Every structure is written in C-alpha cells, then in structure tokens.
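Engineer: Could you have a look at this structure, given as structure tokens, before my questions?
Nothing in this text is a laboratory measurement; each read-out follows from the coordinates by a stated rule. Since the structure is predicted, the reported quantities are computational estimates derived from the model, not experimental observations. Note: ideal-geometry Cβ built from the backbone for every residue, glycine included; neighbour counts use all protein chains shown.
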Amino acid sequence: GDFSDQPHKAVIQPSEVIEVAGEILDRISIRHYGYDPTMAPNGKSVLIITFKASYDYWKKLRGNRVGYNKEKKQVADQIIKELANRFPGIAEKIEAIDVATPVTYERYTANWKGAIEGWLVTPDTIGMAMADGMGKTLPGLKNFYMAGQWVEPGGGIPPAAISGKKVIEMICKQDGKPFKALKS
C-alpha cells in the first residue's frame, strides 16, 4: 500500500536483533512518501530506512566487492524482516531495493566519511546553529558567497535553503535593496 495510514516518519526500536557492521541497531528511522505522487505511482510508496553505520567498516569492506555486496544483501534482508513484522505482507510487495552505505554517500557527494548531512550539532556548535551558522564569505574574495549544508550546522535540505536565503539577504543589504520573498 501507500502507507497513508502511517506517520510520514517514525523512529522505532527493532522487534528483533538487527546487526549491521558488527553493531546491534537500537533504532531505525522509517520515512515514507505515499503522500507524494512524484515519488511513486498512486497506491504505492517509497520507503527510506536509515540508521547509524560505521564508515570505517564499509570503507574497508568496499575493497572486497563480493563481501560488500553480500553484507548489503544481509542488511536488506534484516530490514525487510523487521518491516514484515510490523507490516505483514510487505515483503511480497517490494519492487526495488537499494542499500546505500556511507561509502555510497561518499562516492556520490564527496561528503566527509559519507556524511548524510552537514555539520553535526553538538553542545559546542549549538550556539552557531542558533545564530547565523558559519561565515558565508571568505576574506579577500569580493562578491563570493557560500550557501549549502556545510555553512549551516545540522545540514540537509532545509538548512541549505536557509543558507541561500541568508546569502541573498546579505547581497540585498550590500546593494542597498530590500529583501523581498516572493509568494509561491
């Protein structure tokens, strides 16, 4: 089904032991997109399951293509089993599976150790996260501005978009023009 009767995102404790890269998962995040017709045909959904994973483990294993793919299959099988415990019949409805590891993210994004978002918000960086993030200019470079997940702690799409808005506001102020958001 399209999971329309489920919350868009949930963090759950697995009902059985799930071991990935030699570590037991204490929680997994389930996100579905059944409400978005651009993600899947009507009556279907895309599920994204995320959890912590060891970059070093996957990087080392990546050198052994057979072992790497075998481990990815084991991860997929364990996650499908967990989903089937919660949503009986789901295993038979799965049309495609892709297991992305930290090494996959590194390959496609060049993010440090396959990070899925930008900077980690910690007690040391929370003040910066609550203020204006990191600087968006570099000394000595005129008319150069930075926007994206690496200049706003927390990372991901919303902070990246906010950083773009902040840069536009800076440019407007520098040019003596009022910033005006357009209605969509």
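Engineer: Find the relative contact order for the chain and round it to a whole percent, using C-alpha pairs within less than 8 Å whose residues are 6+ positions apart. Please list the in-between numbers first.
Structural biologist: Numbers: 221 pairs, mean separation 22.2, N = 184.
Relative contact order for the chain comes out at 12 percent.
Engineer: I would also like to ask the following. Within the chain, which is the longest segment that contains none of the chymotrypsin sites (Phe, Trp or Tyr not before Pro) sitting in a DSSP loop with at most 13 other Cβ atoms within 10 Å? Don't skip to the end; give the middle numbers.
Structural biologist: Details: sites that count: Tyr35, Phe144, Phe179.
After excluding every exposed loop site, the longest remaining stretch is 36-143.
Engineer: Next question, about the same structure. Straight-line reach from Lys136: which lysines fall under 29 Å, measuring Cα to Cα and dropping same-chain residues less than 8 apart?
Structural biologist: Leaving aside lysines fewer than 8 places away in the same chain, those within reach of Lys136 are Lys113, Lys165, Lys166, Lys173, Lys177, Lys180, Lys183.
Engineer: Starting from the Cα of Ala76, step 7 Å along the direction of its Cβ; do the same at Arg107; then give the gap between the two resulting points in nm.
Structural biologist: A separation of 1.4 nm, rounded to one decimal place.
Engineer: Then there's this: For the chain, what is the mean residue ellipticity at 222 nm derived from helices alone (per DSSP H run of n ≥ 4: -39500 (n - 2.57); sum divided by total residues; nearest 500 deg cm²/dmol)? Walk me through the intermediate numbers first.
Structural biologist: On the way: 6 runs with 65 residues, N = 184.
Taken over the chain, the calculation gives -10500 deg cm²/dmol.
Engineer: Please list, or write none, the lysines whose alpha carbon is within less than 18 Å of the alpha carbon of Lys9, excluding same-chain residues fewer than 8 places away.
Structural biologist: Correct list for Lys9: Lys44, Lys52.
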